[in-house]
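**Student:** The structure under discussion is supplied below as structure tokens; questions concerning it will follow.
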Amino acid sequence: MVFNSFQFFLIFLPAVVIMNRVLCTRGRITARKWFFLISSLVFYSVSSVETLPILLGSLFMNWYIAGRIQSSDIGPLRQRWLKLGITLNVVLLVVFKYSHFLADNIGGLLGWHPSLPAFVLPLGISFFTIQQIMYLVDCAEEMIAPAPLLEHATFISFFPYITAGPIVRGGSILPQLDSIEQSSEKQLATGLMIFIIGLFKKVALADQSFGRFADEGFSAAASLGLAEGWLTGASYTFQLYFDFSGYSDMALGIGLMLGLSLPENFNSPYKALSIIDFWKRWHITLSNFITTYLYTPMARSVRPLTFGKAMLVTILAMAIAGIWHGAAWTFLIFGLLHGLAIVINHYWRKTKVKLPWPIAWSLTFIVVIVGFVMFRADGWPQAYAVLSSMLGTHGIDYHGVFEQGGLRYLILLAGAAVAFGAPNSNELARNFNPSWRWCVFSCASLLLSMLMLSTGGTSGAIYRGF
């Protein structure tokens with residue numbers, strides 16, 4: 001089940017919201033937690049019932065280790081339990097997500113080609129693995145106390161973010177599960193408005209507009225001219241933004257409708273004037289994970305920490321973040337590219353020379369587009385073909401790769417205007433006051449999204465595959 005499906009937003013979500021309000025009204029805190037857990041497991045099972053045992057096993061394993069961390073008063077023993085927990089989580093992720101990639105590459109070097117079983121990638125494994133690693137670290141640092149099994153399972157498997165984020169920390173969600181205060185009418189209306197905006201971004205802009213251009217361009221990568229190459233790269237750049245930020249908007253909207261506040265994940269990233277600024281705005285919860293749980297521990301292990309060593313740690317942390325997205329060299333290159341760009345950005349800041357904003361924005365956006373070409377490509381040959389076309393090596397003539405249609409180009413321009421100039425969902429939510437104008441706007445957006453869904457079909461979020 002995906003957010004942008006009729007069965008979700010016309011049946012599942014209304015039923016969950018209504019039942020949640022009933023339980024809150026009656027003060028049934030424990031029943032509400034059980035309801036959230038069961039609803040989340042049903043939501044998960046509809047899409048991936050065969051990997052549900054993996055999720056349940058991971059939940060139980062981390063709950064047990066968190067309890068052992070708490071009961072270990074001796075520092076070294078607590079650290080051993082923490083290291084065991086992190087190791088088991090990483091091993092679980094490697095087995096299901098990277099085993100074939102590692103076997104193919106290592107086996108190719110050694111001339112050995114082992115036969116591995118065809119693992120089914122558990123839905124959301126990258127997200128619930130990261131969240132449980134953060135949870136164990138926070139327990140070991142005594143930032144939070146280990147939660148009972150019901151609360152732990154509900155926190156990790158909660159359906160608004162289990163499949164595609166945002167990445168949440170136990171310290172922000174667990175206290176909210178113990179609150180029985182139901183969402184106010186304004187909070188409910190705000191959540192509904194954000195959900196509809198996210199649905200429109202996902203269906204109308206990501207799937208039906210930018211996604212079609214990106215698919216046409218990458219499928220004809222060897223035939224792209226100069227302009228077509230840039231249009232292909234830019235189309236996927238916008239597709240990924242509207243897809244992922246739209247799905248994140250829907251998650252935040254669902255949370256508000258259920259009386260929970262989830263962390264924002266995007267803050268107009270394509271307005272960034274540097275690559276450092278970009279990562280403060282793009283996939284914010286992942287950026288926080290990289291900084292707090294990757295960069296900081298690695299930097300502490302390097303003594304004395306010089307500026308040069310800090311930059312090497314930055315590249316390594318971004319490389320890990322890149323490969324986290326998928327088992328392919330293109331994801332690793334994506335991470336290394338951004339790591340190198342951040343290092344250059346830091347060195348440039350030391351010169352104290354401030355670039356005019358059009359140049360700063362242009363350079364940043366070019367790096368973003370090039371990185372996302374690597375992110376989208378099926379492999380290095382396809383990435384090389386698109387990047388080569390962007391350099392003009394395939395010629396500058398228009399080769400007729402894209403389907404004609406003036407309306408499609410107008411929609412693309414409108415989408416770009418939204419990303420660059422319009423207030424983002426977080427700004428709209430902060431300033432939202434229910435009115436007839438918002439009601440008409442929301443109804444029109446919802447109807448248009450439903451019309452496009454009925455004609456174009458339903459597709460899952462891009463980040464569900466990670």
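Nothing in this text is a laboratory measurement; each read-out follows from the coordinates by a stated rule. Only a predicted model underlies this, so the values are computations on that prediction, with no experimental measurement involved. When we count neighbours, we look across all protein chains shown, and the Cβ atoms used for this are built from the backbone with ideal geometry, even at glycine.
**Student:** ³J(HN,Hα) across region 308-324 via Karplus (A = 6.51, B = -1.76, C = 1.60, θ = phi - 60°), whole Hz, x for Gly/Pro?
**Tutor:** x, 5, 4, 5, 5, 5, 4, 4, 5, 5, 6, 5, 5, 4, x, 6, 4
**Student:** Taking θ as phi - 60°, what are the ³J(HN,Hα) couplings along region 368-385 by the Karplus curve (6.51, -1.76, 1.60), each to the nearest whole Hz, with x for Gly and Pro?
**Tutor:** 4, 4, 4, x, 6, 4, 5, 5, 8, 4, 5, x, 4, x, 5, 4, 4, 5
**Student:** If I model a spin label as a point 7 Å beyond the Cα along the Cα-Cβ vector, how far apart are those points for Leu428 and Asn288 in nm?
**Tutor:** Modelled inter-label distance: 2.3 nm.
**Student:** Please give the Cα centre distance for region 131-181 versus region 47-74, rounded to the nearest Å.
**Tutor:** 12
**Student:** Also, quick follow-up: Lysines within cross-link reach of Lys352: Cα-Cα under 30 Å, excluding same-chain residues under 8 positions apart?
**Tutor:** Lys271, Lys280, Lys309
**Student:** So, one more: What FRET efficiency do you get for Ser219 and Ser301 if R0 is 35 Å and r is their Cβ-Cβ distance, rounded to the nearest 0.05?
**Tutor:** Using R0 = 35 Å, I get an efficiency of 0.20.
**Student:** In addition: I'd like the distance separating the alpha-carbon centroids of region 346-411 and region 257-309, in whole Å.
**Tutor:** So the two Cα centres are separated by 23 Å.
**Student:** How high is the relative contact order of the chain, in percent, counting Cα pairs under 8 Å that sit 6 or more residues apart?
**Tutor:** Reported relative contact order: 20 percent.
**Student:** Order of 382-390, 47-55 by packing, highest average Cβ count within 10 Å first?
**Tutor:** 382-390, 47-55
**Student:** Okay, next question. Put +1 on the Cβ of each Lys and Arg and -1 on the Cβ of each Asp and Glu in the chain; which of Pro146, Leu428, Leu448 then has its Cα farthest toward the positive end of the dipole?
**Tutor:** Pro146
**Student:** Next up: Could you calculate the FRET efficiency of His113 with Asp378 from 1/(1 + (r/R0)^6), where r is the beta carbon distance between them and R0 is 22 Å, rounded to 0.05?
**Tutor:** 0.55
**Student:** Here's another thing I want to ask about it. Label point 7 Å out from Leu448 along Cα-to-Cβ: which residues of region 202-222 have amide N under 20 Å?
**Tutor:** From region 202-222, the list is 202-214.
**Student:** For n ≥ 4 DSSP H runs only, could you compute -39500 (n - 2.57) per run for the chain, divide by its residues and tell me the 222 nm figure to the nearest 500?
**Tutor:** -21500 deg cm²/dmol
**Student:** So, with +1 on the Cβ of K and R and -1 on the Cβ of D and E, and no other charges, what is the size of the charge dipole of region 29-179 about its Cα centre, to the nearest 20 debye?
**Tutor:** 80
**Student:** Using 0.36 nm per residue of separation minus the Cα-Cα distance, give me the extension gain between Leu84 and Glu50 in nm, one decimal.
**Tutor:** Length difference between fully extended and current span is 9.6 nm.
**Student:** A follow-up question, please. For semi-axes √(5λ) of the Cα gyration tensor in Å, the choices are (i) 63, 23, 18; (ii) 37, 25, 21; (iii) 34, 31, 22; which was calculated from the structure?
**Tutor:** (iii)
**Student:** Once you charge only the Cβ atoms, +1 for Lys and Arg and -1 for Asp and Glu, what is the size of the charge dipole of the chain about its Cα centre, to the nearest 20 debye?
**Tutor:** My answer is approximately 1100 debye.
**Student:** Starting at the first residue of region 34-40, write each ³J(HN,Hα) from the Karplus equation 6.51 cos²θ - 1.76 cosθ + 1.60 with θ = phi - 60°, in whole Hz, x for Gly and Pro.
**Tutor:** 4, 5, 4, 5, 5, 4, 5
**Student:** Treating only the Cβ atoms of Lys and Arg (+1) and Asp and Glu (-1) as charged, compute the dipole magnitude of region 334-466 about its Cα centre; round to the nearest 20 debye.
**Tutor:** Value, rounded to 20: 620 debye.
**Student:** Separate question: Under a plain spin-label model, where a point goes 7 Å from the Cα along Cα-to-Cβ, how far apart in nm are Ile396 and Arg28?
**Tutor:** Reported label-point gap for Ile396 and Arg28 is 7.0 nm.
**Student:** Continuing with this model, one more query. Would you list, by chain and number, the aspartates and glutamates whose Cα falls below 16 Å from the Cα of Lys83, excluding same-chain residues fewer than 8 positions away?
**Tutor:** By straight Cα distance, Lys83 reaches Asp73, Asp138, Glu141, Glu142.
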